[in-house]
Amino acid sequence: MSDKTKTEQKKTGNGAVVAMCCSFVIGMGAMAYAAVPLYEMFCKATGYGGTTQRVEQASDVILDQTIKVRFDANTGPGLPWTFEPVQREVELKIGETVQILYKARNNSSKATTGQATFNVTPEQTGAYFNKVQCFCFTETTLKPGEELEMPVVFFVDPEIVKAVETKGIHTITLSYTFYPHEASKPVASAADNKAGDVNKL
């Protein structure tokens, strides 16, 4: 075999290695990019990490058994808001759809936008905590000094009493944290976010 042929084969081999390396890097990058939304989808589908479920309609089954739900509120660094639940806890029948309110006030001299993250504890109850309506589904913008009451409409799935890991749970804590978010939508007015009528669900 001539030296020229050996050189050409070596170049071809090197090219294949480079191509494989590039493909590997691109593939890893794509996997990393997809990991976050895939993880979020997994959490929403399973309730993993206390992630609650989003549903379109209320429960049609109500048990003669109650559960207590407590409410927690926090604000992240950089968001000049006061944020708290209007009521600290409610006791409801399992399967009953209820509406509660949180309120937020912008304490700064300029309009600011926040986005709420959420979870429930104990974490295993996330798969059974169903939200029909929630301010956390979209970002919220408050004008300077504006105060807003924001509804959450939810029910606890009756299946919670059947699952081995949850049937002994009598109290759930729903927690929200508002973080700063760059505004990308028109300023929300109080009228837009006022509590809706549960009967319309």
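The values are calculated or read from the model by the stated rules, or taken from the named source; none is laboratory data. None of these values were measured; they are calculated from a predicted model. Every residue, glycine among them, receives a Cβ derived from its backbone with ideal geometry; neighbour counts consider all protein chains shown. Side chains included, ligands, DNA and RNA excluded: accessible areas come from the protein's heavy atoms. Shrake-Rupley method; radii C 1.70, N 1.55, O 1.52, S 1.80 Å.
Here are the numbers:
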| item | result |
| --- | --- |
| The stretch 52-113 versus the stretch 155-176: alpha-carbon centroid distance in Å | 16 |
| Estimated FRET transfer efficiency when R0 is 25 angstrom, pair GLU165-GLN99 (beta carbons, to 0.05) | 0.35 |
| Net +/- balance of residues flanking LEU63 in space, Cβ distance below 13 Å, scoring K and R +1, D and E -1 | -2 |
| Projected label distance in nm at ASP60 and THR173, using a 7 Å step from Cα toward the beta-carbon | 3.6 |
| Accessible area (Å², per residue) of the stretch 65-124, counting only protein heavy atoms and a probe of 1.4 Å | 48 |
